[in-house]
Amino acid sequence: MADYSRGREPEPDLLANIAEQAIDERITFFETKPWDEAGLTTPKCELHEPSYRSTVERLQNVSDEDLADVTIASIFIGSEVSAQQLERMPQLKLVCTRSTGYNHIDLDACRERNVTACNVPAYAEHTVAEHCFGLMLTLSRKIIMAYERTRRGDFSLDGLTGFDLKGKTLGVVGAGAIGLRVIRIGVAMGMRVLAYDVRPHGLLADVMQFQYAELDDLLAESDVVSLHVPLLPQTRHMINRESLAKMRRGALLINTARGELIDTDALLEALASGHLGGAGLDVIEGEERIGDEAQMAAQNAPREDLAVAVQRYALLHHDNVVITPHMAFYSREALHRLMEVTCDNIGAFLNGTPQNVVS
């Protein structure tokens with residue numbers, strides 16, 4: 001498949017071949033947003049009716065009848081691809097997530113059913129890194145507090161003293177595609193940067209002027225800790241009471257990766273005690289279960305869902321916590337790249353050359 005996701009137009013004959021094959025498949029896009037629909041109509045995607053269907057529903061909320069003939073499923077992070085869901089799609093050949101993370105897909109179950117799974121490994125590295133520093137600066141310079149105060153007509157500076165990032169130590173947990181962009185920005189801002197990664201690359205550290213460190217050392221020495229690791233069994237709640245206690249008093253914690261990396265109860269305790277100076281969160285634990293609280297109560301939502309809602313309420317009422325609605329990836333440019341690579345993944349699979357395969 002030609003790499004037209006990076007600006008090179010595909011060969012006409014190849015596109016025609018893919019389009020012809022697509023008609024024979026039942027491609028369904030789940031959890032579609034306006035940007036998904038817009039992306040599907042661009043020349044680079046070439047997935048026009050009757051080649052695909054779309055729904056705003058998560059996969060698990062769609063009827064068995066509507067899933068019975070699906071051969072290719074494009075999902076977002078709220079759609080659970082479990083063994084149970086796979087049984088509802090007996091014709092499925094490919095599941096293609098419109099995200100970098102794929103912890104919502106049961107890869108073992110996919111392998112057992114000979115279902116290929118792929119992701120979008122790179123589309124928003126710079127975008128997420130920029131958002132990370134947006135959260136960082138919002139906390140370090142108390143921008144939200146200042147904004148709310150001045151809207152009330154109060155221009156006093158009492159309690160608004162911030163601190164410079166220059167000269168501070170930034171700890172980056174996970175030096176992958178996004179983490180390396182965060183490191184680059186941190187170094188450019190005059191920060192000392194420490195990084196923890198399971199696969200350190202010494203030459204890279206020398207060139208980019210940062211240092212690798214053990215996780216405990218990074219936590220103890222950093223003024224700001226930013227998380228950029230995938231959600232795996234071994235990383236779930238990697239930030240817990242023990243690890244938070246190792247952090248510098250007054251340090252900031254930034255999370256633009258996955259909410260489950262942080263034990264929310266432990267985070268609330270560290271904030272309440274004053275040990276943690278603040279948190280910038282684009283993701284929170286259990287966010288996929290959060291809805292309108294009044295509606296949840298009326299529908300007798302499960303206890304764990306209500307617990308998540310209570311935790312969110314508590315986080316929102318800390319002056320030193322900034323929460324954004326999982327939007328670190330949400331830029332015009334990143335959304336274009338996301339849909340182009342997703343359609344490219346589907347086209348490559350139809351052409352017999354699967355790419356970005358995770359299972």
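Coordinate-derived values only; no laboratory data. The structure presented is a predicted model; accordingly, all values stated were derived computationally and were not measured. In this analysis, Cβ positions are derived from the backbone assuming ideal geometry, glycine residues included, and neighbour counts consider all displayed protein chains.
Can you tell me, using C-alpha contacts under 8 Å and at least 6 residues apart, the relative contact order of the range 125-323 as a whole percent?
That works out to 18 percent.
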Around residue 145, under 15 Å between beta carbons, what's the net of Lys plus Arg minus Asp minus Glu among the other residues? +1
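What net charge do the residues around residue 221 carry, taking every other residue with its C-beta under 12 Å from that of residue 221, with Lys and Arg at +1 and Asp and Glu at -1?
Working: positive: 168, 192, 246, 248; negative: 214, 216, 217, 223.
So the environment of residue 221 carries a net charge of 0.
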Can you order the peptides 196-203, 342-349 by their average number of other Cβ atoms within 10 Å per residue, highest first? 342-349, 196-203
For a test of the definition: using alpha carbon positions, the gyration tensor, and the 1.5 limit on a/c, classify the range 125-323 as rounded, prolate or oblate. oblate
To the nearest 20 debye, what charge dipole does the range 125-323 have about its Cα centre, counting +1 at the Cβ of each Lys and Arg and -1 at the Cβ of each Asp and Glu? 540
Heads up, the range 150-239 by the C-alpha gyration tensor (a ≥ b ≥ c square roots of eigenvalues; a/c under 1.5 rounded, else a/b over b/c prolate, else oblate) looks prolate
Would you tally the net charge around residue 269, using a Cβ to Cβ cut-off of less than 10 Å, leaving residue 269 out, and scoring K and R as +1, D and E as -1? -1
